[in-house]
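Comments concern the structure below.
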């Protein structure tokens, strides 16, 4: 069923390593922020991405739109490879900056404090020559601002004069300025008050419906991601461990880490909450500078075997549209 | 804005009064007298002190200073030719102008070279360019001015004979070169270091990523977005530097034999020329305070988030 839909973004074996200084002189170490991630995003869908802090969600999002230069792998946008480390393809991104945009987590930090809102939104218009003259430019800025629920007179103010929710609206208006097709929403609501969060989420959903946008929605809050996403990917320590349709993933998680993550989501019903058995993990998340051998989750996995320590599990499809990377599944031993 | 400036001016007058009192007390705390020489007898000293009112109680002397300053009378020198007004020494004999000319050149150089150097180092962080600049600026901050000045003098004036050894009253462009380099080197390096740090900070901010996501070209990214946001620490530093650098440097002026204010001021302290010390201190303090005010107003221009209010919050 899903194969007829168009894949807008395809990512294959994407790696992003950051170099850091080691303890010894001239020693270089690598933080393996994103390790061999493969996924695709259908046009018009929302792909949710969850995982605990420091698991590489944000890095993955930024690397896909090449705000970070990937270490290796392949990124295909709308059929055109924009990055391929094997074929040495590194397209100039300027053309694609019009199509791929990002909304950042911290709205106040992501807006240049020295520029007025009008300048922030208008800069993108100027770079891509989207308006012919000053009047058109001004009209476009005003319409963008009203589209995200701000007043047109806000254009002459500076970002610090706004509340967090309004700042995030400015960030969204800025991303929409170039009429993008694909937007990476990098935890767009986690810096906001709960009351504002739902406003922004609803607005993002409305915009998606109106403009046919495709989202990569990154968050650490499973409940929000479940609400907004068509499909959900789960990341652990730089790797994608499971990916499936939202309903499927939330109700039939097959990877032990996903099961743990979901068991930590608060339930609104205290009765159910008490009755539920929570899976608690032992130990801390290992350092991505020195990740565990084999399956990266084996140090904390309650079902880990010798094979998990030695061999890296392959990310494969177990049932239609349901992908996971775990050795236990191959043996058919997971308690689904 | 106007209320803010008025409040600052009122505050400045209070500060100046305080500076006068402290300077006066410190001056008198130093043992010795302006008329103390090997030949003078106690009677002669007493006579001279009586003539200039130095035998009166301290508070009377202080009160006389303040009273006279209010009407713009800075007093007369005790040591220069009998009764030369201090005002003439500072302003009319060109000492002040000389120091300002020298300092202004040094400052312009420090800013025009320091800021780009800092930007370059930050942009190429971790590369050999950054490493080279780091060594250079660290040396620049560490080497004392008198060493640098003497070194420049020996190499470029004595050995190579490119520039005059005595700069004097700075008659031509050539005579400026060495003193300006000596005076500005430290500040150039310090500004470059400051700039590098705050530029690095700015480059890693999310709004730089936002700009990159918009498709802004790299050099515009650095010049437009990062530079404007990283200037604040440099401006803060420029306030005191501005005042310090244009009021003259004793070391540089002595080394190159420039009869500027900095050199003269130190001589006056050594010879206990009370009225001149007092006047110089007050004039320099007023300058520093004025520069601070300018800096605070500049903040507002650079960073719209800063509001200048007359009220305490």
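The values are calculated or read from the model by the stated rules, or taken from the named source; none is laboratory data. Source: prediction; values computed, not measured. Because the Cβ atoms are built from the backbone with ideal geometry, glycine has one as well, and the counts that use them run over all protein chains shown.
Table: residues versus (1) surrounded by fewer than 19 Cβ atoms within 10 Å (Cβ to Cβ); (2) more than 17 Å from the chain's Cα centre (by Cα).
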{"position": "B:182", "(1), (2)": "no, no"}
{"position": "B:186", "(1), (2)": "no, no"}
{"position": "B:189", "(1), (2)": "no, no"}
{"position": "B:198", "(1), (2)": "no, yes"}
{"position": "B:204", "(1), (2)": "yes, yes"}
{"position": "B:209", "(1), (2)": "no, yes"}
{"position": "B:225", "(1), (2)": "no, yes"}
{"position": "B:231", "(1), (2)": "no, yes"}
{"position": "B:245", "(1), (2)": "no, no"}
Please note which helices (runs of 4 or more DSSP H) are completely contained in the stretch B:126-242 and include at least 2 residues that are in contact with a strand residue (DSSP E or B) (Cβ under 9 Å, 6 or more places away or on another chain).
-> B:206-214
Hey, can you tell me all the residues within the stretch A:185-202 that are within 26 Å of residue A:67 (Cβ to Cβ) and either over 18 Å from the mean Cα position of the chain (by Cα) or in a loop (DSSP other than H, G, I, E, B) (or both)?
-> A:187, A:188, A:189, A:190, A:191, A:192, A:196
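From the list A:123, A:136, which residue is out of contact with any strand residue (DSSP E or B) (no Cβ under 8 Å at 6 or more places or on another chain) and either on the phi > 0 side of the Ramachandran plot or facing another protein chain (nearest Cβ under 9 Å) (or both)?
Working: A:136 fails: either on the phi > 0 side of the Ramachandran plot or facing another protein chain (nearest Cβ under 9 Å) (or both).
Result of the check over A:123, A:136: A:123.
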Every residue from the stretch A:200-219 that is free of Cβ contacts under 8 Å to residues at least 40 places away in the same chain and surrounded by fewer than 20 Cβ atoms within 10 Å (Cβ to Cβ) | A:201, A:202, A:205, A:206, A:209, A:210, A:211
Could you tell me which numbered condition residue A:289 fails, if it satisfies all but one of (1) in contact (Cβ under 8 Å) with a residue 60 or more places away in the chain; (2) buried (at least 16 other Cβ atoms within 10 Å of the Cβ)?
-> (2)
For the stretch B:249-302, list the helices (runs of 4 or more DSSP H) that sit wholly inside it and hold at least 1 residues that are assigned by TED's automatic domain parsing to the domain that holds residue B:149 and surrounded by fewer than 20 Cβ atoms within 10 Å (Cβ to Cβ); which are they?
-> B:250-255, B:261-270
Within the stretch A:95-109, considering residues that are touching a residue at least 24 places away in the same chain (Cβ under 8 Å) and out of contact with any strand residue (DSSP E or B) (no Cβ under 8 Å at 6 or more places or on another chain), the one nearest to the other protein chains (Cβ to nearest Cβ) = A:97
Look at the stretch A:78-94 and say how many of its residues are within 12 Å of another protein chain (Cβ to nearest Cβ) and closer than 24 Å to residue A:31 by Cβ.
-> 1
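Determine if the stretch B:105-121 includes at least one residue that is in a helix (DSSP H, G or I), buried (at least 17 other Cβ atoms within 10 Å of the Cβ), touching a residue at least 24 places away in the same chain (Cβ under 8 Å) and not assigned by TED's automatic domain parsing to the domain that holds residue B:232.
So far as the stretch B:105-121 goes, no, none of its residues is in a helix (DSSP H, G or I), buried (at least 17 other Cβ atoms within 10 Å of the Cβ), touching a residue at least 24 places away in the same chain (Cβ under 8 Å) and not assigned by TED's automatic domain parsing to the domain that holds residue B:232.
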Filtered residues of the stretch A:160-177 (kept if within 14 Å of another protein chain (Cβ to nearest Cβ) and modelled with pLDDT of 90 or more) = A:162, A:167, A:168, A:170, A:171, A:172, A:173, A:174, A:175, A:176, A:177
Search result, residues across the stretch A:55-77 that are buried (at least 16 other Cβ atoms within 10 Å of the Cβ), more than 10 Å from chain B (Cβ to nearest Cβ) and assigned to a loop (DSSP other than H, G, I, E, B) = A:55, A:56, A:70, A:71
Scanning the stretch A:219-240 for residues that are within 20 Å of residue A:314 (Cα to Cα) and part of a loop (DSSP other than H, G, I, E, B), which turns out nearest to the chain's Cα centre (by Cα)?
-> A:238
Only one residue in A:31, A:37 is surrounded by 20 or more Cβ atoms within 10 Å (Cβ to Cβ) and part of a strand (DSSP E or B). Which one?
-> A:37
Do the conditions hold for residue B:219, that is, is it within 14 Å of another protein chain (Cβ to nearest Cβ), at pLDDT 80 or above and surrounded by fewer than 22 Cβ atoms within 10 Å (Cβ to Cβ)?
-> yes
Can you tell me which residue within the stretch A:110-120, out of those that are more than 9 Å from every other protein chain (Cβ to nearest Cβ) and touching a residue at least 12 places away in the same chain (Cβ under 8 Å), is nearest to residue A:186 (Cα to Cα)?
-> A:117
